[in-house]
Structures are given as structure tokens and as C-alpha cells.
Amino acid sequence: MTYLERLTARDCLVIAHRGIWQDAPENSLAAIEQAIRDGHDVVEIDIRRTRDGVLVLMHDETLLRTSGIALAVDELVKSDLTHLPLLKRPDLPSTETVPSLGDALSLCRGRILVHLDAKDRSALPDIIACATDLGMAEQVDIWGDLRSDRDLAWFREMVPPGMTKIARIWLDASDVHAQLNRLFALAPPICELRFSSLEQVAMFAPQARRAGIALMVNTLDTVACAGFGDGAAMLDPEAVWGRLLDAGVGLIQTDEAAALQHFLTIRQTRDKS
């Protein structure tokens, strides 16, 4: 399925943050493969560029946390990374190494959608070209903030037709009306929300639905809004993920993809009975 087809086919898409990293290194091919095997809708990956210009999967600026090496990604060439094993959490070596974006997208092609988190916007033309050359333009998204007119112009200039845009806005910001004007002018298929109360989401959801915009929320504990995080969801999924769904959310990015998928299955079975 394309991104847009998947959005219309599911009540809620599960976005596996950095793949399934509990048993494999984050952003590794093994973590991505596990997300595919587990049947999740989308895998999120982080992208940086090496010194020799190769796009690779890595969240941090350095390899200290992921390989125990205090060197920056942009200080190394791609061949250096093939000799550095990635660590499983917390400090166990693995047989995985840092993959290139091309290898990761080739693994995902036709099997799972991809949420692209480019750590440097200047790399996006090459990221888009890589996805396009692999025939994945309709299976990936381009994500960014929509806090200024400059952001709006960037989306319009950068993202080609057919490639999914995800624009992030802040419902609790003083300039929320200006952000909403930009959002509806851009009309992306997906909007990631930041908020300080669930009521803000519930009030905005009908307007977004009329505009054909699906709502996405990130429940990672490090960035969760108003207490709607993975930790709380593992204790009471209905109070977190359930309330988000009831408020109109249609995509959730999580570090607990298996638990969210299980909850969605139970909820769908309950609603049908």
C-alpha cells in the first residue's frame, strides 16, 4: 500500500520508533526487519551524512551511545562504519553495523512505510532522490515543523507531488492561529500535534478531519505531551492510547509498538462485538 492508502485503510497507524530496538540495535536493519515481521504500519528512521557524503541511519551526532566510539558520524567515511558493531541496549555488541539509507529503504520497499527523520535539512534533496530512485516516493514521508512562513515555503519547494508530508504544529502556542492557517494552506495528509491538554486535540480533530488531515501524536516518554507517554500507556493503555484515539488521533509513534498493536487489536475486537 501507499502511505495514503494505508491511512484510509486503518483507524490508527503504528509507527515503530527506530525499529524494534529491544532485541536489536536501534536504526539497524535487524530492528527494521523485526518491525516488518511484527506487522507494524510504519518504521521511523534517523538519517545523517558521513564525511564522504553517504546517507546512513543514526540518531546521535556521535557513535558514543550506539557503538562506544566518541567520534561524530560526519568525521567518518562509510567504510569506517562497516567495521564498527552497533550495540544492543545497554552495552552488548551485535553483528549489526550502521546501514546506509539505500540499504534500509531497499529492505522496506513494498513491505512497510517509512517515517524519515533527517537530522540535517540540507540532506533532504538527496534523501528524496534516494527514495524516488528506489520507487518508494509514495511509501515514505517528509517531516518538518510548520512554525513560520519560511517552513511553509520549504514544504512547498522541497517535497515533490505524491510524497507524503507530515507537518508539526503546537496547539498550545500563542501563534496557533497562524500555524493553523499555514497548515490548511499546505493541506498535508498528516499533522503531528504538540499540545498541553487533550481537549485541544479533541477540539481541533473535527476541523482536521473535514480538511482530510490525519492527526499524529508521539508518545515517546522523552517528548510526550500532557503525560500521554509510553510509560503511562504500559500501565493503562486505555488511559493513554485509548483516549488519544477517542480524541481523533490516527497515527501514534511509540517505543512500545508491540503493546500498542496488541491494544489496537483488542479494542477493534471489542468495538465489533
With each pseudo-label sitting 7 Å past Cα toward Cβ, what's the SER196-GLU75 distance in nm, one decimal?
4.0 nm
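Among DSSP beta bridges whose residues both lie in the chain, state the antiparallel percentage, nearest 5. Working shown, then result.
On the way: 8 of 41 bridges.
If I count the DSSP bridges inside the chain, around 20 percent turn out antiparallel.
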Restricting region 125-186 to trypsin sites (Lys or Arg not before Pro) in coil, as DSSP defines it, with at most 14 other Cβ within 10 Å:
none
Quick check: the distance between the Cα centres of region 97-167 and region 1-58, to the nearest angstrom?
12 Å
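By the scheme Lys and Arg +1, Asp and Glu -1, what is the net charge of all other residues having a beta-carbon under 11 Å from that of PRO188?
Working: positive: ARG156, LYS165, ARG168, ARG182; negative: ASP141, GLU192.
It works out to a net charge of +2.
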What's the carbon and sulfur percent of the chain's accessible surface, probe 1.4 angstrom, rounded to a whole number?
51 percent
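Determine the per residue accessible area of region 103-211 with all protein chains present and a 1.4 angstrom probe, expressed in square angstrom.
On the way: 4940 Å² over 109 residues.
Here the per-residue accessible area is 45 Å².
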Excluding MET1 itself, calculate the net charge of residues whose Cβ lies under 10 Å from the Cβ of MET1, where each Lys or Arg counts +1 and each Asp or Glu counts -1.
-1
Could you work out how far apart the two model spin labels at ARG10 and ARG65 are, taking each label as a point 7 Å from the Cα in the direction of the beta carbon, and quote it in nm?
2.5 nm
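I'd like the projected area of region 232-273, averaged over all directions, using the convex hull of its alpha carbons. Report it in nm² with one decimal. All intermediate terms of the calculation are to be shown ahead of the outcome.
Numbers: hull surface 11.6 nm².
For the Cα atoms of region 232-273, the hull's average projected area reads 2.9 nm².
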The chain - convex hull of the alpha-carbon atoms, volume per residue in Å³
130 Å³
Only sites in a loop by DSSP and with at most 11 other Cβ atoms within 10 Å count here; which trypsin sites (Lys or Arg not before Pro) in region 184-236 make the cut?
none
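The values are calculated or read from the model by the stated rules, or taken from the named source; none is laboratory data. Keep in mind that what you see is a predicted model, and the values were worked out from it rather than measured. Here Cβ is always computed from backbone atoms with ideal geometry, including for glycine, and neighbour counts include all displayed protein chains. What goes into the accessible areas is simple: the full protein's heavy atoms, side chains included, and nothing from ligands, DNA or RNA. Shrake-Rupley method; radii C 1.70, N 1.55, O 1.52, S 1.80 Å.
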